[in-house]
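Trainee: Here it is: the structure, laid out below.
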Amino acid sequence: TDILLLNGPNLGILGEREPEIYGHDTLDDIVAMVREEVAAAGWQVIAVQDESEAELVRAVHRARHSTVGAIVNPAALMMAGWSLRDALASYPPPWVEVHLSNIYAREQFRHESVTAPLASGFIAGIGAYGYRLAARTLLHLAGADR
Ligand code: DQA
């Protein structure tokens, strides 16, 4: 059983990127954390990070029928990532949107996510730990946490 862990632009430099906002964990740390969280259920993680929306759209297409859920941090594509949004609209399994920062406590332009209305759940503002909760949520929705 596989899940998709999708991270948008600028998330590959986590750890160095505005750590006062995004924390000190690297993307590798986060991927390892998600892998660890789902390993007990025998699940595998397909981790994709890209700066380009096209690659993320392709990753969603590839995962459409081969995964049981997804964790998506669209990063800045939350603001105008309409192609990613439409790809996720055609992604049948449940998925959880994660933002490290509390987007509602930040600039006005981050207050609306174009992808969030399609998500099964939404987690923001608790840093890297949000990815762990998102992983637990997917296990829970699949009944694999019992
Ligand atoms: C982010 C929030 C976005 O507004 C921003 O563009 C990011 C990171 C977060 O995880 O807090 O790149 O998605």
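Trainee: Restricting the search to segment 25-34, which residues are part of a loop (DSSP other than H, G, I, E, B) and free of Cβ contacts under 8 Å to residues at least 24 places away in the same chain?
Mentor: Scanning segment 25-34 gives a single hit, Thr26.
Trainee: Among the residues of segment 81-103, count how many are touching a helix residue (DSSP H, G or I) at 6+ places or on another chain (Cβ under 8 Å) and within 11 Å of the ligand (Cβ to nearest atom).
Mentor: Looking only at that region, the number is 7.
Trainee: For Val38, are the conditions met, namely being of a type in the set (A, V, I, L, M) and within 14 Å of the chain's Cα centre (by Cα)?
Mentor: Criteria not met by Val38.
Trainee: Given the criteria at pLDDT below 95 and away from the ligand (no atom under 15 Å from the Cβ), does Ala47 qualify?
Mentor: Considered against the rule, which asks whether it is at pLDDT below 95 and away from the ligand (no atom under 15 Å from the Cβ), Ala47 comes out as no.
Trainee: Let me ask something else about it. Would you point out the residue of segment 104-125, among those that are in a loop (DSSP other than H, G, I, E, B) and in contact with a strand residue (DSSP E or B) (Cβ under 9 Å, 6 or more places away or on another chain), that is surrounded by the fewest Cβ atoms within 10 Å (Cβ to Cβ)?
Mentor: The residue in question is Gly125.
Trainee: Check off (1) under 11 Å from the mean Cα position of the chain (by Cα); (2) closer than 21 Å to His140 by Cα for Ile126 and give me the number that stays unchecked.
Mentor: So Ile126 meets the others, but not (1).
Trainee: Out of Val57, Val72, Val34, Val68, report the one residue that is in contact with a helix residue (DSSP H, G or I) (Cβ under 6 Å, 6 or more places away or on another chain) and within 19 Å of Leu133 (Cα to Cα).
Mentor: Working: Val57 fails: within 19 Å of Leu133 (Cα to Cα); Val72 fails: in contact with a helix residue (DSSP H, G or I) (Cβ under 6 Å, 6 or more places away or on another chain); Val68 fails: in contact with a helix residue (DSSP H, G or I) (Cβ under 6 Å, 6 or more places away or on another chain).
Result of the check over Val57, Val72, Val34, Val68: Val34.
Trainee: Also: Return a yes/no flag: does segment 71-80 have any residue that is at pLDDT 95 or above and away from the ligand (no atom under 14 Å from the Cβ).
Mentor: For segment 71-80, residues at pLDDT 95 or above and away from the ligand (no atom under 14 Å from the Cβ): absent.
Trainee: So Ser101 fits all but one of (1) closer than 19 Å to Tyr22 by Cα; (2) without any contact (Cβ under 8 Å) to a residue 60 or more places away in the chain; (3) surrounded by 16 or more Cβ atoms within 10 Å (Cβ to Cβ); what number is the exception?
Mentor: (2)
Trainee: Would you check which residues across segment 92-115 are under 11 Å from the mean Cα position of the chain (by Cα) and among the charged types (D, E, K, R) and list them?
Mentor: Selection gives Glu97 alone.
Trainee: List the number of the failed condition for Glu37; all other conditions in (1) assigned to a helix (DSSP H, G or I); (2) within 12 Å of the ligand (Cβ to nearest atom); (3) charged (D, E, K, R) hold.
Mentor: (2)
Trainee: Let me ask something additional. Select, from Val48, Val60, the only residue that is among the aliphatic types (A, V, I, L, M) and within 15 Å of Ser90 (Cβ to Cβ).
Mentor: So the residue among Val48, Val60 that is among the aliphatic types (A, V, I, L, M) and within 15 Å of Ser90 (Cβ to Cβ) is Val60.
Trainee: Tell me which residues, restricted to segment 10-24, are in a loop (DSSP other than H, G, I, E, B) and small (Gly, Ala, Ser).
Mentor: Result: Gly15, Gly23.
The values are calculated or read from the model by the stated rules, or taken from the named source; none is laboratory data. Keep in mind that what you see is a predicted model, and the values were worked out from it rather than measured. A quick note on method: Cβ atoms are made from the backbone with ideal geometry, for glycine too, and the neighbour counts reach across all protein chains shown.
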